[in-house]
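Worksheet: the structure to be examined is printed underneath.
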Amino acid sequence: MFAKLGKKFTLVFILLIFLSPVFVLADTQGQTKTFFVDSTYDAQSRTKILATLEKVSQYGYFYLESGWYKNLTEEKKAEVKRNLTNLAKEFDNKIYPTLTSIYGSEWRPGIDNDYHIAILFQQMKEGAAGYFRTQDEYQKVQAPDSNEREMVYLAAKGIFSPITKSYLAHEFTHLITFNQKDRLRGIEEEIWLNELRADYSPTLLGYDEEYQGSNLQQRVKQFIQNPSDSLTEWQAQNSDYGVINIFSQYLVEHYGIKILADSLHSKEAGIPSLNEALKENGYHKNFSQVFTDWTLAIFLNDCSLGEQYCFKGKSLANLRVTPSLIFLPSTQMTSVSLNYAVKPWSGHWYRIMGGEGNLKVVFKSADSNADFKVPYVLCDDSGKCAMSFFALGNNGTGEISLQDFGKEWTSLTLAPSVQTKIKGFDGWESFTHFSIQASMEFKNEKEKLIEALEKQIAALKAEIAKVQAQIVSILKKKFALSNFAQNLHMGMKGTQVRLLQNFLKSQGSNIYPEGLVTGFFGDLTKQAVIRFQEKYAKDILFPLGLRKGTGYVGPSTRRKINEILGESY
């Protein structure tokens, strides 16, 4: 009786083990399974496909869509097997250990109680490279189309391209993110940051170091086609991948990979998690300031203007966006007013050029509650630039005025971005409107003539000063000042009077307008001496208690002359 009960208990125990959702036998190479797939990515919009396990590695089960693989030529099948072996080694030796050491692990052993990641190659629509489904991480009672395993999906034709390892790294990062955010912290990561973190993984693994044919090269092309795409609005378009990747390059290059890792381990999501990570890592800038710096960096990309205004890596050293041009025609008075609409956290660049005159620029937000950041950059023709910000009032309006625009500075570029919303990015975002009004007052012909004459006068004054300096130099060489051994006064004649007259003449027409050198100390010479004495009254007259010049060249006057000529008295 006891033996029968024991047998029944053993049978029930075995059945419970096999029926338990956490007990799954390990997959074996060559076995075929039916998998649910995402019809939006599938080449034939299927929801299920049959796949065969072609490769088992330390961390991966590599499945190939059975019908697709069966129809390949023997030569192509051999190529697939070689590439699959190489990819499995790359996953085991580099992708898995590197990403898990930085971001943390996926769910282990996971919903299927198996430490392997299922990697399914299926036929996908043109342009699709791979995807990850969160429903696979739930039991069928919660998600009927769940494959109940840690799993990612890759395009079958990608197995013939080296870039597939980048796509595998991207999708595996999503798998890690689900565990670190959804399971362990009970919060869903915002899509844009989830994709940003995943799309940086190829760079993190060194796959983008060879730029040609890399994921980075592809993202640069996508970014250039639409650089003003919103960073936080995710529509799974090519431009979305372009902007998140270029921003991730800047973020990690300037602030380190720990910003992405720590934000993943935060109980916050999106922008708040990045702000938390920046603060924890000792940075005084928040996400808003980092983003604003980035909008300037992809316009300037010049480290000499400040390291925050450039990309340091050689692959992005020449990346620059081209601003929209606002041209002011050369008329006496011109004014343009342009209206624009932008989405949150998107970069925009507007360059004002044209003519010479006094420039006034007014920025005005249509929504006074919108948080606009409006840096501007002044540049000259040589590439010299200076940066500043519009100071916006409570009504969202600010203005700047620049005198003689077109001379020192020949262009003004505004880079406005609206940064009001910081969380809840889960679909289409609304536009925020603003206007830029630029007006320039040009100089008329009379003002231009006056300006030209003032320049000529300044040039003549400079030339006169130069000639006076030359005369003094000649006098110093030609005449020995020790010849002024005696005092000089009106009525005297001789060489010393001639020397005095030469000196007075060198002091300019305001001292000795007649400029006569006769050797006779007459009234004109006396008046010149008086003017000289009164010009330097502090040194010549005041020590003697005098206020007006005497015309008598005594010791104090001769001392000042010698001082001017650089001789010791």
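Just so it is clear, none of the values below were taken in a lab; they were calculated from the coordinates. If you're wondering where the values come from, they're calculated on a predicted model, not measured in any experiment. All Cβ positions, even for glycine, are placed from backbone atoms using ideal geometry, and neighbour counts span all protein chains on display.
Farthest towards the positive end of the charge dipole of the chain, among the residues I163, M387, L50, is the Cα of M387, using unit charges on the Cβ of Lys, Arg, Asp and Glu. Against the main long axis of the alpha-carbon atoms of the chain, helix 523-535 sits at an angle near 40°. Averaging 1/r over each pair of different alpha-carbon atoms in region 260-329 and inverting the result gives 14.0 Å, the Kirkwood hydrodynamic radius. Counting beta carbons within 10 Å around each of Y63, Y340 and listing the fewest first gives the order Y340, Y63.
Show me the ranking of peptides 237-248, 103-114, 47-58 by mean Cβ neighbours inside 10 Å, starting with the highest.
On the way: 237-248: 21.8, 103-114: 18.2, 47-58: 16.8.
Those peptides, ordered most packed to least, come out 237-248, 103-114, 47-58.
Across the options T518, I564, Y536, the greatest Cα extent toward the positive end of the charge dipole of region 479-564 (unit charges at beta carbon of Lys, Arg, Asp, Glu) belongs to Y536. Across region 97-105, rounded Karplus estimates of 3J(HN,Hα) from the backbone phi angles (6.51 cos²θ - 1.76 cosθ + 1.60, θ = phi - 60°) give x, 5, 5, 6, 6, 8, 9, x, 8 Hz, Gly and Pro being marked x.
The calculated FRET efficiency for N238 paired with R498, based on their beta-carbon distance and R0 = 60 Å, is about 0.10.
Seen from all sides and averaged, what is the projected area of the convex hull of the Cα atoms in region 479-564, in nm²?
Details: hull surface 19.5 nm².
Projected area, direction-averaged: 4.9 nm².
Compute the length gained on full extension between T397 and K125: take 0.36 nm times their separation in residues and subtract their Cα-Cα distance, giving the result in nm to one decimal.
On the way: separation 272, 0.36 × 272 = 97.92 nm, distance 4.77 nm.
Taking 0.36 nm per residue and subtracting the Cα distance, the gain is 93.1 nm.
Dimensions of region 30-125 along the principal axes, based on C-alpha atoms and rounded to the nearest Å, stand at 39, 29, 24, largest first.
Note on the chain: dipole from Cβ charges, positive end direction compared against V497, S248, T32; the farthest Cα belongs to V497. Along its three principal directions, the equivalent ellipsoid of region 273-380 from the Cα gyration tensor extends over semi-axes of 30, 20, 12 Å, largest first.
Helical runs assigned H by DSSP (4 residues or longer) give the chain a calculated mean residue ellipticity at 222 nm of -11500 deg cm²/dmol, each run adding -39500 (n - 2.57) before division by the residue total.
Distance distribution P(r), the chain, all Cα-Cα pairs, bin width 20 angstrom from 0: 16, 31, 20, 15, 10, 6, 1, 0 percent.
Scanning residues 5 or more positions from D404 or on other chains, those with amide H under 5 Å from its amide H are G357, N358, L359, with H placed 1.01 Å from N in the peptide plane.
With charges set only on the Cβ (+1 for Lys and Arg, -1 for Asp and Glu), what does the dipole of the chain come to about its Cα centre, in debye to the nearest 20?
Working: 64 positive and 62 negative charges, 537 e Å.
So the dipole magnitude of the chain works out to roughly 2580 debye.
By other beta-carbon atoms within 10 Å, ranking L500, L72, L84 with the fewest at the front produces L72, L84, L500.
For region 324-443, the Kirkwood radius over C-alpha pairs fed into Stokes-Einstein at 25 °C and 0.890 mPa s yields D = 163 µm² per second. In a simple Cβ point-charge model (Lys, Arg +1; Asp, Glu -1; nothing else charged), region 187-321 has a dipole of about 340 debye relative to its Cα centre. Rg and Dmax of region 187-321, both derived from C-alpha coordinates alone, stand at 14.0, 42 Å.
How high is the relative contact order of region 479-564? Use alpha-carbon pairs under 8 Å, at least six apart in sequence, and give a whole percent. Present the calculation step by step, with values, prior to reporting the outcome.
Details: 114 pairs, mean separation 25.1, N = 86.
RCO, region 479-564: 29 percent.
Residues whose amide H falls under 5 Å from that of F121, counting only those 5 or more places apart or on a different chain, are Y63, L64, E65, L154, with hydrogens built in the peptide plane.
Given charges of +1 on the Cβ of Lys and Arg and -1 on the Cβ of Asp and Glu, with all other atoms neutral, how large is the dipole of region 496-551 about its Cα centre, in debye to the nearest 20?
Numbers: 8 positive and 4 negative charges, 22 e Å.
Result for region 496-551 is approximately 100 debye, rounded to the nearest 20.
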